[in-house]
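Quick notes on the structure that follows.
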Amino acid sequence: PTTSAHGINNMAAAARLLTRGANSKISAACVGGGSPSIFGAALCKAPASCNSHAKTQRRHAAHFTFQPDPVPTKYGPTQKMNLFQSVTSALDNTLASDPTAVIFGEDVAFGGVFRCTVGLRDKYGKDRVFNTPLCEQGIVGFGIGVAVAGATAIAEIQFADYIYPAFDQIVNEAAKYRYRSGNLFDCGNLTIRAPWGCVGHGSLYHSQSPEAFFAHCPGIKVVIPRGPVQAKGLLLSCIADKNPCIFFEPKILYRAAVEQVPVESYTLPLSQAEVLQEGSDVTLLAWGTQIHVMREVADMAQEKLGVSCEVIDLQTILPWDTETVCKSVVKTGRLLISHEAPVTGGFAAEISSTVQEECFLNLEAPISRVCGYDTPFPHVFEPFYIPDKWKCFEAIKRMINY
């Protein structure tokens, strides 16, 4: 199987090789007969000091508290699932109901690095759930061909951070296929899944939120769920939709988010934001993991400031629901948008521009964006980088006092 941090360049591969070599030398020096060298002895001692240091380290708590949705009642019996299990359930439903459906990507045959496809190859066969070479451009290019031929193609990019080699295939081929052929051909049966967003320890190449790159591209849809119930319903909608869709899955929620999810197939509408909490003073807008931060911020604002917040989950980034957002801002007069991606050119900027065009005379304060910084995503400094509840709370105070 490929590693999750799959070879950004030869230097990374060489570094891993050297590390493995050093590790094997450590083992030989520690367990082999004879007198180990001074170098070997020093290496043998290193793990003990590392262990003692590890005992003193504390794992930081997550920057959010997952708030499950009410149990859905209109889609039949439910089962307790976390987010990756709800994705598996959606894929299982699709493979069972659609004989043309195929799932492919790096390591999906054995279940994927996040276990989203676990058990599906054994259930449906190696011709329908199969591994690909480590080549994102090839994965999406193959998916376009499968979809054009009439089959349902579900491609997995192992991390959203690695979707860029496939950028040309998505933007110049998939998004334009129908337009360029005058609707003679299309690849609307293509859905691209990718783990997305911060995870607590992902650093540069396992934490990115690239939705804004694709929001500039007509012809595709971009969807991000906030929990297991939404994940299954929205993913099934993406698979059924007659346009190529990118479905970003908040990887920190794969296990942290647990809800009662309908067992049978169901769909949730795309391009429709959801008002999760009614309010009168400030509109809080987010998507994915950040929704749970917003919910906590709304409680803080009510408790500490007496401020009533309306919380909206955008859900679909492209095409987005301008009507629901603008209707809320007309009512509250204030808008805070928050996402993990860097602030400059982030999708919050597009929302902000549209809202000020549509709701200018209703605004009581400048629109506020609380987002990631304009830096690469850090490792140990992640707690300082992410737009946590305290940054959002301060932004609300500034808007109220404006």
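Pairs of lysines in region 78-262 whose Cα atoms sit within less than 14 Å of one another amount to 4, provided the residues are eight or more positions apart or on different chains. For region 210-267, the list of chymotrypsin sites (Phe, Trp or Tyr not before Pro) that fall in a loop by DSSP and count at most 11 other C-beta atoms within 10 angstrom is empty. For region 333-375, the Cβ-based charge dipole about the Cα centre amounts to some 120 debye (Lys, Arg positive; Asp, Glu negative; other atoms uncharged). When region 70-195 is described by a simple charge dipole with +1 on each Lys and Arg Cβ and -1 on each Asp and Glu Cβ, the residue from Ala149, Cys187, Ser86 located farthest towards its positive end is Ser86.
In region 235-267, whose amide N lies under 11 Å from the spot 7 Å out along Cα-to-Cβ of Val118? List them in ranges. It comes to 255, nothing else. Remark: the Asp98-Glu264 segment gains 58.3 nm on full extension, using 0.36 nm per residue and subtracting the alpha carbon distance. Most simply put, region 274-401 has about 20% antiparallel DSSP beta bridges, counting only bridges with both residues inside it. The stretch between Gln79 and Ser353 holds 94.5 nm of extra length on full extension. This uses 0.36 nm per residue minus the Cα-Cα distance. The residues neighbouring Asp186, those whose beta-carbon lies less than 14 Å from its own, together hold a net charge of +3 under the Lys/Arg +1, Asp/Glu -1 convention. Sorting Arg369, Arg226, Arg255 by solvent-accessible area of protein heavy atoms yields Arg255, Arg369, Arg226, largest first, with a 1.4 Å probe.
If you plug the beta carbon distance of Lys176 and Leu361 into 1/(1 + (r/R0)^6) with R0 = 41 Å, you get a FRET efficiency near 0.60. Figure note: Lys389, Lys327, Lys242, Lys232 ranked by solvent-accessible area, largest first, 1.4 Å probe, ligands and nucleic acids not counted: Lys327, Lys242, Lys389, Lys232.
By DSSP, the beta bridges lying fully in region 78-262 are antiparallel in about 20 percent of cases.
The values are calculated or read from the model by the stated rules, or taken from the named source; none is laboratory data. A quick note: this is a predicted structure, and the numbers were derived from the prediction, not measured. Positions of Cβ are backbone-derived with ideal geometry, glycine not excepted, and every protein chain shown enters the neighbour counts. Ligands, DNA and RNA are stripped out before the accessible areas are found, and what is left, the full protein with its side chains, is counted by its heavy atoms. Shrake-Rupley method; radii C 1.70, N 1.55, O 1.52, S 1.80 Å.
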